[in-house]
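Notes to accompany the following structure.
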Amino acid sequence: MQLKTSNKESKTKSPLREWIEAIVGALILTAFIITFIAQSFIVQGTSMMPTLQNNQRLLVDKLSYRFSDPGHGDIIVFRYPANPKEEFIKRVIAVPGDSVAIIEGHLYVNGQHIEEEYIAEVTRRGITPCIVPEDHYFVLGDNRNNSLDSRDLRVGFVPRENIVGRAIWSYWPLSKLEIIRAPEALAQLSQ
């Protein structure tokens, strides 16, 4: 007569395997979030001063523009048309179909003068009236006199496909902790 011993195989995982699975899962989740939902962005340069400072850290929403279009006054991150490996951050001034002009230092969108309380000084470099083409956006830096933006042919009208996302929250430095909103004068254009 043979006796069978019950060998219960342990179904527990080794601690090392648990750590590896947790790390791989976290990496996959992080990659998903960065690719489709949100991403951290560091402002490089002074083209958005006084609104954004050099080395300021922002959270960029990459999801909402999958369901809606960029609006007047949104601060967006986009791939620089002349070198798509570089990303720029600027403010949307005009959307497809809008007329935009800067005459004697004053911004006009669809013939309406826009009071720009968010810029530091009067814009020296103007543009003649032009119409924003379909699926493109006209963007400017808030530091107009030190910004490579849609007034320059190297940037021009920004294609919709180049837009990465919208800056929604400044989280560093803590003194600049805030939700980023479109200025009232521009936001009214989108209504």
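Quick rundown of the values:
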{"item": "Enumeration of residues in the stretch 57-86 that are in contact with a Lys or Arg (Cβ under 6 Å, 6 or more places away or on another chain) and at pLDDT 95 or above", "result": "ASP74, ILE75, ILE76"}
{"item": "Top-ranked residue of the stretch 101-118 - restricted to ones that are without any contact (Cβ under 8 Å) to a residue 40 or more places away in the chain and not in a strand (DSSP E or B), ranked as nearest to ARG160 (Cα to Cα)", "result": "GLY111"}
{"item": "Complete set of residues in the stretch 80-92 that are in contact with a Phe, Trp or Tyr (Cβ under 8 Å, 6 or more places away or on another chain) and more than 23 Å from TYR108 (Cβ to Cβ)", "result": "TYR80, GLU86, GLU87, PHE88, ILE89"}
{"item": "Cβ-Cβ under 6 Å pairs, at least 6 apart or on other chains, the stretch 126-150 side closer than 23 Å to THR51 by Cβ and in contact (Cβ under 8 Å) with a residue 24 or more places away in the chain, far side of a type in the set (A, V, I, L, M) and exposed (fewer than 14 other Cβ atoms within 10 Å of the Cβ)", "result": "GLY126/ILE103"}
{"item": "Residues of the stretch 168-191 satisfying the condition of being hydroxyl-bearing (Ser, Thr, Tyr) and either under 17 Å from the mean Cα position of the chain (by Cα) or not in a helix (DSSP H, G or I) (or both)", "result": "SER170, TYR171"}
{"item": "Answer residue from the stretch 105-122, given it is among the aliphatic types (A, V, I, L, M) and more than 21 Å from PHE157 (Cβ to Cβ) and is modelled with the lowest pLDDT among those", "result": "ALA120"}
{"item": "Residues of the stretch 55-100 that turn out to be of a type in the set (Asp, Glu) and either in a strand (DSSP E or B) or under 12 Å from the mean Cα position of the chain (by Cα) (or both), as a count", "result": "3"}
{"item": "Residue list for the stretch 32-56, filter: at pLDDT 85 or above and loosely packed, with under 13 Cβ neighbours inside 10 Å", "result": "SER40, ILE42, PRO50, ASN54, ASN55"}
{"item": "Restricting the stretch 58-75 to residues that are in contact with a Gly (Cβ under 7 Å, 6 or more places away or on another chain) and not charged (D, E, K, R), the residue that is nearest to GLN188 (Cα to Cα)", "result": "TYR65"}
{"item": "Verdict on ILE102 being closer than 17 Å to PHE157 by Cβ, hydrophobic (A, V, I, L, M, F, W, C) and in contact with a strand residue (DSSP E or B) (Cβ under 8 Å, 6 or more places away or on another chain)", "result": "yes"}
{"item": "Hits in the stretch 143-159 (condition: surrounded by 15 or more Cβ atoms within 10 Å (Cβ to Cβ) and not in a loop (DSSP other than H, G, I, E, B))", "result": "ARG144, VAL158"}
{"item": "The stretch 88-97, residues that are within 25 Å of LYS176 (Cα to Cα) and either modelled with pLDDT under 95 or of a type outside the set (D, E, K, R) (or both)", "result": "PHE88, ILE89, VAL92, ILE93"}
{"item": "Number of the exception - ARG125 against (1) touching a Lys or Arg at 6+ places or on another chain (Cβ under 8 Å); (2) under 18 Å from ALA187 (Cβ atoms); (3) at pLDDT below 95; (4) of a type outside the set (A, V, I, L, M)", "result": "(2)"}
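The values are calculated or read from the model by the stated rules, or taken from the named source; none is laboratory data. Owing to the predicted nature of the structure, the values given are computational and were not obtained by experimental measurement. All Cβ positions, even for glycine, are placed from backbone atoms using ideal geometry, and neighbour counts span all protein chains on display.
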